[in-house]
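Student: So that we are looking at the same thing, I have put the structure below in structure tokens.
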Amino acid sequence: MQHRATYKSLDENAMSYRKTGIVDGKDYEPMKEPRYAEIATFMRAPLATSLSDVDIGLIGVPTDLGVTNRPGARHGPREIRNSSSLMRGFNLGMRMNPYDLCRIADLGDVRFSGRYDLEKQTAEIADYYRHIHAAGIIPVTAGGDHSITFPIFQAIAASGPIGMVHIDAHTDTWGDLYGSKFTHGAPFRLAVEHGLLDPKRTIQIGIRGGQNLMDGVDFSLNSGMRVVFMEDFAAMGVDEVIKEARRVVGDGPTYISFDVDGLDPVFAPGTGTPEVGGITALEAQRLLHGLRGLNLIGGDVVEVAPPYDQTGNTALVGATMMFEILCVIAEARFGAPPNGRRLQSSGS
Ligand SMILES: [Mn+2]
């Protein structure tokens with residue numbers, strides 16, 4: 001294969017992919033070092049020191065205060081960073097290199113002053129993403145449990161409801177649970193109720209398992225979301241599901257939310273609420289590639305809970321899905337879509 005530049009060249013004063021060793025003073029590029037070396041940032045992208053000169057920001061949200069059962073997703077961002085060092089620049093499945101298209105950086109983790117206060121934390125996540133959005137940066141996030149997506153929407157959908165491709169075993173549209181409304185079972189009900197998410201431009205893919213209450217599924221269906229239950233997924237096949245997803249979200253602004261429990265636990269056992277009979281890793285990659293050219297405004301991979309998977313494979317799968325999401329967003333926003341028009345940044 002022809003060698004391609006791993007990085008888009010950056011201005012001299014901008015956030016740079018090139019670093020200077022503090023001992024020998026020599027220049028080096030972390031992504032060209034062996035993949036086991038240097039500090040583990042997401043995808044080995046540079047760690048940003050400011051919000052200037054970044055097009056896509058890779059962000060960790062290390063919290064699992066919103067889980068309703070088994071905790072552990074607070075360890076997701078660190079393990080995904082480590083596993084993501086296995087990612088390279090060129091995506092063979094898509095025949096493109098996101099680093100050729102735009103400036104990508106690890107923005108670090110959301111920091112909390114209320115780390116053990118779910119409501120305060122939710123407000124702080126929203127505040128963090130308002131800064132990211134105001135700087136015109138497209139966020140690609142590693143959670144954390146799924147409760148983090150609601151405050152992300154509070155920031156990026158403030159000017160009007162967005163659409164969503166949601167991959168998950170669960171609809172995450174339940175109401176209050178044990179006195180809390182910000183659980184990881186509730187983000188998309190809250191998002192609809194707050195006018196942040198357009199249910200008619202939302203597709204939920206991979207839904208399955210048992211339920212204590214039909215409240216969540218009923219909310220999804222009654223609000224107009226397209227729910228692709230796992231039996232439907234199996235009957236339709238990936239290509240038909242892609243067509244349906246593209247029909248549902250149309251050309252409006254669309255977010256990709258990928259709960260790793262949407263995958264079969266064979267591929268991703270390290271998650272708090274595994275459900276057997278799920279999507280394969282390859283089907284998920286094909287599904288994500290099928291979103292090429294949509295008006296994508298951000299994405300996340302959530303619910304990677306490394307303590308339940310001592311092999312580390314769930315973190316690798318999560319990192320890979322994060323890379324795929326990064327690639328489809330980079331191409332959609334900074335590449336040359338089929339209509340030849342570069343989509344405009346939704347930054348305020
Ligand atoms: Mn979920």
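Bear in mind these aren't lab numbers, they're just calculated from the coordinates by the rules spelled out. Computed from a predicted model, the values in this text were never measured in an experiment. Every residue, glycine as well, gets a Cβ built from its backbone with ideal geometry; the counts of neighbours run over all protein chains shown.
Student: How long are the semi-axes of the equivalent ellipsoid of segment 154-293, defined as square roots of 5 times the Cα gyration tensor eigenvalues? Whole Å, largest first.
Tutor: 22, 20, 13
Student: After finding the eigenvalues of the alpha carbon gyration tensor for segment 223-335, what semi-axes result from the square roots of 5 times each, listed largest first in whole Å? Before the final figure, lay out each step's value.
Tutor: Numbers: eigenvalues 110, 61, 27 Å².
Ellipsoid semi-axes (Å, largest first): 23, 17, 12.
Student: Counting each DSSP H run of 4 or more residues in the chain as -39500 (n - 2.57), what helix-only mean residue ellipticity at 222 nm follows after dividing by all residues, to the nearest 500 deg cm²/dmol?
Tutor: -9000 deg cm²/dmol
Student: Still on this model: What are the lysines whose alpha-carbon lies under 18 Å from the alpha-carbon of LYS19, with same-chain residues fewer than 8 places away excluded?
Tutor: Cα-Cα hits under 18 Å: LYS8, LYS32.
Student: A further question on this structure: So how do PHE42, PHE219 line up by other beta-carbon neighbours within 10 Å, fewest first?
Tutor: Ranking PHE42, PHE219 by Cβ neighbours within 10 Å, fewest first, gives PHE219, PHE42.
Student: Which ordering of ASP168, ASP251, ASP198 is given by a fewest-first count of other beta-carbon atoms within 10 Å?
Tutor: The order, fewest Cβ neighbours first, is ASP251, ASP198, ASP168.
Student: Among GLY93, GLY66, GLY57, which one shows the biggest mean-square fluctuation in a GNM of the chain, springs joining Cα atoms closer than 10 Å?
Tutor: Of GLY93, GLY66, GLY57, the most mobile in the Gaussian network model is GLY93.
Student: Cross-link partners among lysines for LYS181, C-alpha distance below 22 Å, same-chain residues fewer than 8 apart left out?
Tutor: Leaving aside lysines fewer than 8 places away in the same chain, those within reach of LYS181 are LYS120.
Student: Select from PRO307, PHE323, GLY250 the residue farthest towards the positive end of the dipole of segment 193-338; place +1 on Cβ of Lys and Arg, -1 on Cβ of Asp and Glu, and compute about the Cα centre.
Tutor: Of the options given, the answer is GLY250.
Student: Tally the DSSP beta bridges in the chain and give the antiparallel ones as a percent, rounded to 5.
Tutor: In the chain, approximately 10 percent of DSSP beta bridges are antiparallel ones.
Student: Which residue, ALA37, PHE150, VAL140, has the largest displacement toward the positive end of the dipole of the chain when charges sit on each Cβ (Lys, Arg +1; Asp, Glu -1)?
Tutor: Farthest towards the positive end: ALA37.
Student: Further, regarding this structure: From the convex hull of the Cα coordinates of segment 89-172, what is the mean projected area in square nanometres?
Tutor: In nm², the orientation-averaged hull projection of segment 89-172 is 7.4.
Student: Quote the Stokes-Einstein diffusion coefficient, in whole µm² s⁻¹, for segment 46-334, based on the Kirkwood radius over alpha carbon pairs, a temperature of 10 °C and a viscosity of 1.306 mPa s.
Tutor: It diffuses with D of about 87 µm²/s by this estimate.
Student: Only helices at least 30 Å long along their axis, Cα-based, and averaging -1.0 or more on Kyte-Doolittle count here, so list those DSSP H runs from the chain.
Tutor: 313-334
Student: Return PHE258, PHE229 ranked ascending by Cβ neighbour count within 10 Å, so the fewest neighbours appear first.
Tutor: Ordered by Cβ neighbours within 10 Å, fewest first: PHE229, PHE258.
Student: Which of the aspartates and glutamates could a cross-linker span from LYS243 if the Cα-Cα distance has to be under 16 Å and same-chain partners fewer than 8 positions apart are dropped?
Tutor: Output for LYS243: ASP232, ASP251, GLU283.
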